[in-house]
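Just below is one structure, and these are the notes that go with it.
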Amino acid sequence: MSQAAGCRRVTRTAAGPALYDRALRNLHQPLTVDQLARRAGLSRRTLIRRFHADTGQPPMRWLLDARLARARELLESGDLTVEAVARRCGLGTPANFRTLFKAHVGIPLRTYRETFNATAMEGR
């Protein structure tokens, strides 16, 4: 899987690069701060501090950004249904995905897909 576009690349980390790589490989699964801390062998508070030092964001915001970046990649490069994209990115129901996408990207899913999908662009 490619590095999620738009997700801040973490090169030098206090939390450990394996933690970020694992999170990016498992975007489809529910992940919590407590799970991430446990996997990193850190307390919840230490993980939050280190995540912020590495990325400038709290862990769950970074994870949401990574999920949305992956969703954008899938919308741009394929013909998966909205439900399939939401499931692969861990964004819940199609309705939740649409709401989050519009709130964070600024345009509706349909408009984004119509504008940036490579397959749709070939037919123009």
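Things to note:
- Residue-wise HN-Hα coupling along region 107-117, computed from phi with Karplus coefficients 6.51, -1.76, 1.60 (Hz; x: Gly, Pro): 9, x, 3, 4, 5, 4, 4, 5, 7, 10, 6
- Computed from backbone phi with θ = phi - 60° and the Karplus coefficients 6.51, -1.76 and 1.60, the 3J(HN,Hα) list for region 18-23 is 4, 4, 5, 4, 5, 4 Hz; x is used for glycine and proline.
- Computed P(r) (all Cα pairs; region 45-124; 10 Å bins; percent): 19, 44, 25, 11, 2, 0
- Considering only alpha-carbon pairs that sit under 8 angstrom and 6 or more positions apart, the relative contact order computed for region 44-124 is 24 percent.
Here, each number is a calculation from the coordinates, and none is a lab measurement. All of these numbers come straight from a predicted model, not from anything done at the bench.
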